[in-house]
Structures are given as C-alpha cells and as structure tokens.
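Trainee: Below is the structure I would like to discuss, written out as structure tokens.
The values are calculated or read from the model by the stated rules, or taken from the named source; none is laboratory data. Predicted model only: the values in this text are computed from it and were never measured. We place every Cβ from the backbone using ideal geometry, glycine too, and count neighbours over all the protein chains shown. Protein only, heavy atoms only, side chains kept; ligands, DNA and RNA dropped before computing areas. Shrake-Rupley method; radii C 1.70, N 1.55, O 1.52, S 1.80 Å.
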Amino acid sequence: MSAAWSFCQTRELNYEKILRNSAMPDIGANCGISNAHWQDSINFSDLKIDNRQSHSYTHNINDNGFDVVNDWITSYGLTIGLRDDGDHNSEWVYVNQPGLIGDRVSFSASDITTGASFLGWASLNFTGLLSVTVESLRGDFILESSKLWANGYGKGNSASVPEPGSLALLGLGLVGLGLARRRLSQKH
C-alpha cells in the first residue's frame, strides 16, 4: 500500500511533524489532494473588555470552504487585534484556546499572535471550529478583531476519478458497439 493511498484512506498522522510545524510530504496527484489555505476573521466593533472580564467566541472555517471529511490541517495560527482604551494603565491580557500550548499572556494591549495547540489543531481538523477566550487579568482594553489562518491539504475542486466498475462498463459498451458495427459491415 502506497503512502499516498494510506493517507487518502486513513488520514495517517505524524504527530512530531505537526508539533514542529513542518510541511507534510506532497501527496497531491495520487488522491486529488492539493495545498490549501483557510481563513476566518471576526470583527468585534471595538468591544471593551473591563478589568477581570472575558469574552469567548468561536472561529468557524467550515463557512470558508473547509470540509472535515476531505480536508486536513497541518498548521494554524491566530492573531487577535487589541488596543489600549486610552486610560494609560497597564493591561495584562490572557488568550485561551483548547489545550495549554497555544495560550498566551501579554502585558500590553496590542496585537497578539498565538501559536497552535494540539487540542486546537484536533478541534479544527475534526469539527472546523476553534474556541477562544480573551480575558483581562488586569486593566481594560478594546478587542477589535480575531483572525484565524490554517494551512493544510484539501480536495478543493479537483476532478473526480471514475471508479473501476464504471470504466469496465464503458469498455464493455464500446466492445459491444464495435461488434455490432462489425456484424453490420459483414451483412453488406
């Protein structure tokens, strides 16, 4: 069994490669899979997060072409747009996503880019959803936006490959047409 066929059938996973954010081997043409990129952006219209308050939301890449059956994410990232509310106090911001690895604490209200977590990666691959909570540990700030990007492999709009049974039926039909034409030419 070839590696490409195995990936197409079982979605085999190399855990170490995912943690290193390295690209998976190109398996493209063997099963109609190509490199893919998905994004989801949320605009919060200047949502104020007060001291010791939080706001939770969910990114959904299913709305942007991701298909949990045919697509596979190898890496993702999250950028959260924050700004100070102008009170000149220090802000401590905590960004929480599934698992512990991708969580981030920032000591200023400016844009935050987080890393990926294994549980976040699993959630995106199996549901297309990523839950995020932005929390004020100290001070208040404005939550402006959140942008999720994900890279991986997807079926996309690739051409479908006919099944062997369909090809055999087509071949038998062509042989039958050839024999029928041969009989007609022998009668004349």
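Trainee: Can you name the condition, by its number, that residue 147 falls short on among (1) open to solvent by less than 80 Å² (accessible area, probe 1.4 Å); (2) assigned to a strand (DSSP E or B)?
Mentor: (1)
Trainee: While we're on this one: Considering only region 4-19, I want to know if a residue exists there that is closer than 25 Å to residue 94 by Cα, at pLDDT below 90 and surrounded by 14 or more Cβ atoms within 10 Å (Cβ to Cβ).
Mentor: Yes.
Trainee: Does residue 75 count as small (Gly, Ala, Ser) and out of contact with any helix residue (DSSP H, G or I) (no Cβ under 9 Å at 6 or more places or on another chain)? Lay out the reasoning, then the answer.
Mentor: Details: small (Gly, Ala, Ser): yes; out of contact with any helix residue (DSSP H, G or I) (no Cβ under 9 Å at 6 or more places or on another chain): no.
Considered against the rule, which asks whether it is small (Gly, Ala, Ser) and out of contact with any helix residue (DSSP H, G or I) (no Cβ under 9 Å at 6 or more places or on another chain), residue 75 comes out as no.
Trainee: Regarding region 31-49, can at least one residue be identified that is open to solvent by 80 Å² or more (accessible area, probe 1.4 Å), among the hydrophobic types (A, V, I, L, M, F, W, C) and either in a loop (DSSP other than H, G, I, E, B) or at pLDDT 50 or above (or both)?
Mentor: Taking every residue of region 31-49 in turn, none turns out to be open to solvent by 80 Å² or more (accessible area, probe 1.4 Å), among the hydrophobic types (A, V, I, L, M, F, W, C) and either in a loop (DSSP other than H, G, I, E, B) or at pLDDT 50 or above (or both).
Trainee: Let me ask something else. Identify the residue in region 109-126 that is of a type in the set (Ser, Thr, Tyr) and surrounded by 15 or more Cβ atoms within 10 Å (Cβ to Cβ) and, among all such residues, is farthest from the chain's Cα centre (by Cα).
Mentor: Only one residue fits best here, namely 114.
Trainee: Next up: Can you pull out the residues in region 93-108 that are open to solvent by less than 50 Å² (accessible area, probe 1.4 Å) and under 18 Å from residue 59 (Cα atoms)?
Mentor: Correct list: 95, 97, 98, 99, 102, 103.
Trainee: Considering only region 68-92, state which residues are surrounded by fewer than 16 Cβ atoms within 10 Å (Cβ to Cβ) and modelled with pLDDT under 85.
Mentor: 86, 87, 88, 89, 90
Trainee: Assuming residue 52 fulfils every condition listed in (1) open to solvent by less than 30 Å² (accessible area, probe 1.4 Å); (2) modelled with pLDDT under 95 apart from one, which condition is it?
Mentor: Failed condition: (1).
Trainee: Determine, yes or no, whether residue 27 is in contact with a strand residue (DSSP E or B) (Cβ under 8 Å, 6 or more places away or on another chain), open to solvent by less than 40 Å² (accessible area, probe 1.4 Å) and at pLDDT 50 or above.
Mentor: When the stated conditions are applied, residue 27 does not pass them.
Trainee: Run down 87, 63 and say which single residue is among the acidic types (Asp, Glu) and in a loop (DSSP other than H, G, I, E, B).
Mentor: The match here is 87.
Trainee: So, one more: I'm trying to understand the selection: among the residues of region 44-74, which are under 29 Å from residue 136 (Cβ atoms) and among the hydroxyl-bearing types (Ser, Thr, Tyr)?
Mentor: The answer is 45, 54, 56, 57, 58.
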